[in-house]
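The values are calculated or read from the model by the stated rules, or taken from the named source; none is laboratory data. Since we're looking at a predicted model, the values are computed, not measured. Heavy atoms of the whole protein, side chains included, go into the accessibility calculation; ligands, DNA and RNA do not. Shrake-Rupley method; radii C 1.70, N 1.55, O 1.52, S 1.80 Å.
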Amino acid sequence: MSDQLKTQLMLTDKLPHHIAIIMDGNGRWAQRQGKHRVMGHKAGVNRVREAVKVASELKIQSLTLFAFSSENWQRPADEVSLLMELFFTVLSREVNKLNRNNVRLKIIGDLSRFSEKLQNKIAKAEDKTSKNTGLMLNVAANYGGRWDITQSCIALAKKVELGEISADDITEDAINEHICTAHLPPLDLMIRTGGDCRISNFLLWQSAYAELHFSQTLWPDFDEQELCNILADFAHIERRFGCTSEQLTTPLKE
Ligand code: IPE
Ligand code: IPE
Ligand code: MG
């Protein structure tokens, strides 16, 4: 069972440092049971708690969860407002527990579109956990990968405008330093639940060399065992980053 697997995983040095999850399938999970879609989002919160617990126990450095995309505003107004309410309630309810567990919480995305009340709640939650040294938990809300790359480029363009840097200083490293995940280790593994094989505008820049795992499981059914199985598979992947297999095992000569 997963306890045994978890113990084995704790001993390997091949775990990802940074995992991202597209938590998809809440609506279908609820609809299949004849319930309102929002019941799926509520059920999904329990799985968020479970994923955070596993990541903390395995001493994964960073976990980034896709909670609400920049495109999700297009959903029916009642679903959007229920999602906002749920976000607010969960933040209020969970922040002390996250803090006790040494988790550092950050919300990434364009927060300006959220209500002032929600923005204040986010700022307080981030502030409360900012000194924690355990898992870095990032919740992507009103996040879009294209927005992230764009806002990084705008920040750099402003520096050029002010004469602080020149256009030639806009390197990949510079863009990297201005994207939302600049403070995190590189993304190693991206998981999507819910059966669809697409990235839906999540971490586009960051996923360039991430391993991708698509699961058929709907998010409210995605349990600790499945996450541990995916991590065990990840530990066996040869990550070549453009090199050959031989180069990875034989040190390069000077
Ligand atoms: C993901 O589940 C959660 C959000 C996008 C907020 P969905 O709500 O997309 O669930 P499905 O894909 O319709 O089943
Ligand atoms: C992606 O799921 C966004 C989140 C999980 C928050 P969607 O359900 O919005 O993605 P699409 O619309 O199927 O691509
Ligand atoms: Mg979906």
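Helix check for the chain. Which DSSP H runs span at least 18 Å along their own axis by Cα, with a mean Kyte-Doolittle hydropathy no less than -0.5?
Flagged H segments are 37-57, 77-100, 145-161.
Once phi is turned into θ = phi - 60°, what whole-Hz ³J(HN,Hα) does the Karplus curve with 6.51, -1.76 and 1.60 give for every residue of segment 165-170, x standing for Gly and Pro?
9, 9, 4, 5, 7, 7
How big is the shadow of the Cα convex hull of the chain, averaged over all directions, in nm²?
16.8 nm²
From Cα coordinates alone, what are the radius of gyration and Dmax values for segment 148-205 in angstrom?
Computed over the Cα atoms of segment 148-205, radius of gyration and Dmax are 14.5, 48 Å.
Once amide H atoms are placed 1.01 Å from N in the peptide plane, what residues at a sequence separation of 5 or more from H213, or on another chain, have their amide H within under 5 Å of its amide H?
Placed amide hydrogens put M190, I191, R192 under 5 Å from H213.
Give the Cα extents of segment 114-165 along the principal axes, in whole Å, largest first.
That gives 36, 27, 20 Å along the principal axes, largest extent first.
Per the 1.4 Å probe, what fraction of the accessible area of the chain, in percent, lies on carbon and sulfur atoms?
Here it works out to 52 percent.
Figure the gain on full extension for E226 and D196 (residue separation times 0.36 nm, minus the Cα-Cα span) and round it to one decimal in nm.
Taking E226 through D196 to full extension adds about 9.1 nm, to one decimal.
What ³J(HN,Hα) values, in whole Hz, does the Karplus curve 6.51 cos²θ - 1.76 cosθ + 1.60 give for segment 186-193 when θ = phi - 60°, with x put for Gly and Pro?
x, 6, 9, 9, 10, 10, 10, 8
Just the accessible area per residue of the chain, please: how many Å² with a 1.4 Å probe?
Dividing the accessible area of the chain by its residue count gives 55 Å².
Pairs K14/K131; K14/K159; K106/K159; K14/K158: which are spaced more than 32 Å apart, C-alpha to C-alpha?
From the list (K14/K131; K14/K159; K106/K159; K14/K158), the Cα-Cα distance tops 32 Å for K14/K159; K14/K158.
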